[in-house]
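Undergrad: Starting off with a structure, shown below.
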């Protein structure tokens, strides 16, 4: 006998939680299934939360080293990764506990195990104890997330071959690391490991780093990573990975060979759909395990929705949560959740990058008359006090209407700073004048907006 629910959500990460909470608030009986045995999804256990906790610890170490007074107190040039990761594990435990309470407080039924579609309106859950539970549903939301993509010709079981999930379990000393793939995850880990004192070779398959960013921001990141000691190799593709007992050798199609203690593979992600038996509900995933959806996040089956990493870009935890809420709103007929659009980019390199809106290239191609306002952090009193003088804020605005069209930030706390601009961009009467005419606390990083606004307005004639 199957237990009946109005809606079942597969996956307890940000996307699944967003969907479940919205559904239950609208009076639906909801079940959430997750195979990890705990809520939070890959985001909490192996993705966003642990990697950002690791990043923060490394950032603190780098600041410690930079301070001439503190650096004399101890030699911290070589910190074991296990010690660095200890803080990350504590953060994971706290996050899981917090989100578990959210589900309990809202009377969401949790099932832990492997979900599989059996019939158009029936799911089975194989629990870790070997028991099969059957759940009937009216609507289903697939929020199973993604995992690192693993080419079949590379042995990821080898102790010196890592992906972005496995790297958090690194338990032996490493002097040199190869990172293959210079997307968001590759760049983030490059800045983390070079900050720990590792030699890092970052192999990029594209002509430049993060080409979808504003050119100036992408160039700034490349310059800073090189300044830290990262060797960036652009437009390279692998031929094979040679594994040995004490090293790995990456053979490139260009004929180059790179030897290191370990390799971290960061070249793409794949949706977690292979065990769902999608054919039972008339669906099929693409070669990367991703599911196609419409603007309402509805799949080809009108009773099944999909959200989060499993549908592909932007593959951000922030966007995933909102996508879950949006899908739930369409299921319940609620009109109070807008479609997820124009999501800020948050890249947690050291220092951070965050962008919102159009780039200079996009505006130029569209023949939009825009102007640029810039503020360099090295000129701000707050940045000088903290020592975080690397970075800039860049505002793009329309020459005639003065409407803010894009905000691009590189530097410490960029992911926080960008939201000030986001708030103004989303208001009626969005204008660069707001920043020029607003009194900011002094000294603050927010003051960068006033400096950038005045800088840009001085170019108008």
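The values are calculated or read from the model by the stated rules, or taken from the named source; none is laboratory data. Nothing here was measured: the structure is a model prediction, and the numbers come from that model. Every residue, glycine among them, receives a Cβ derived from its backbone with ideal geometry; neighbour counts consider all protein chains shown.
Undergrad: Enumerate the strands (runs of 3 or more DSSP E) found wholly within region 125-231, keeping only those where 1 or more residues are modelled with pLDDT of 95 or more.
TA: 132-142, 161-163, 176-180, 199-203
Undergrad: Follow-up. Taking the criterion of being more than 30 Å from residue 350 (Cβ to Cβ), under 24 Å from the mean Cα position of the chain (by Cα) and crowded, with 17+ Cβ neighbours inside 10 Å, would at least one residue in region 260-275 satisfy it?
TA: Going residue by residue through region 260-275, those that are more than 30 Å from residue 350 (Cβ to Cβ) are 273-275.
Next, only the ones that are under 24 Å from the mean Cα position of the chain (by Cα) stay: 273-274.
Okay, now just the ones that are also crowded, with 17+ Cβ neighbours inside 10 Å, so 273.
So far as region 260-275 goes, yes, one or more of its residues are more than 30 Å from residue 350 (Cβ to Cβ), under 24 Å from the mean Cα position of the chain (by Cα) and crowded, with 17+ Cβ neighbours inside 10 Å.
Undergrad: Sticking with this structure for a sec: Scan region 110-121 residue by residue and report those that are more than 28 Å from the chain's Cα centre (by Cα) and in a strand (DSSP E or B).
TA: The answer is 117, 118, 119.
Undergrad: While we're here: Let me confirm something: among 426, 413, which residue is within 23 Å of the chain's Cα centre (by Cα), farther than 25 Å from residue 59 by Cβ and outside the structural domain of residue 60 (by TED's automatic domain parsing)?
TA: None of the others qualify; the one that does is 426.
Undergrad: Residues 245, 270, 320: which one is modelled with pLDDT under 95 and touching a helix residue (DSSP H, G or I) at 6+ places or on another chain (Cβ under 6 Å)?
TA: Values: 245 fails: touching a helix residue (DSSP H, G or I) at 6+ places or on another chain (Cβ under 6 Å); 270 fails: touching a helix residue (DSSP H, G or I) at 6+ places or on another chain (Cβ under 6 Å).
None of the other options fit; the residue is 320.
Undergrad: Six or more apart or on different chains, Cβ atoms under 9 Å: show the pairs whose first residue is in region 205-231 and not assigned by TED's automatic domain parsing to the domain that holds residue 256 and whose second is surrounded by 20 or more Cβ atoms within 10 Å (Cβ to Cβ).
TA: none
Undergrad: Within region 325-357, work out how many residues are out of contact with any helix residue (DSSP H, G or I) (no Cβ under 9 Å at 6 or more places or on another chain) and either within 17 Å of residue 410 (Cβ to Cβ) or not in a loop (DSSP other than H, G, I, E, B) (or both).
TA: First, the residues of region 325-357 that are out of contact with any helix residue (DSSP H, G or I) (no Cβ under 9 Å at 6 or more places or on another chain): 330, 333, 341.
Checking which are either within 17 Å of residue 410 (Cβ to Cβ) or not in a loop (DSSP other than H, G, I, E, B) (or both) leaves us with 330.
The qualifying residues number 1.
Undergrad: Among 154, 179, which is the only one that is crowded, with 16+ Cβ neighbours inside 10 Å and either assigned by TED's automatic domain parsing to the domain that holds residue 233 or closer than 27 Å to residue 18 by Cα (or both)?
TA: Going through 154, 179 in turn, the sole match is 179.
Undergrad: Follow-up. Out of the residues in region 16-50 that are modelled with pLDDT of 90 or more and under 18 Å from residue 117 (Cβ atoms), state the one that is surrounded by the most Cβ atoms within 10 Å (Cβ to Cβ).
TA: The selected residue is 19.
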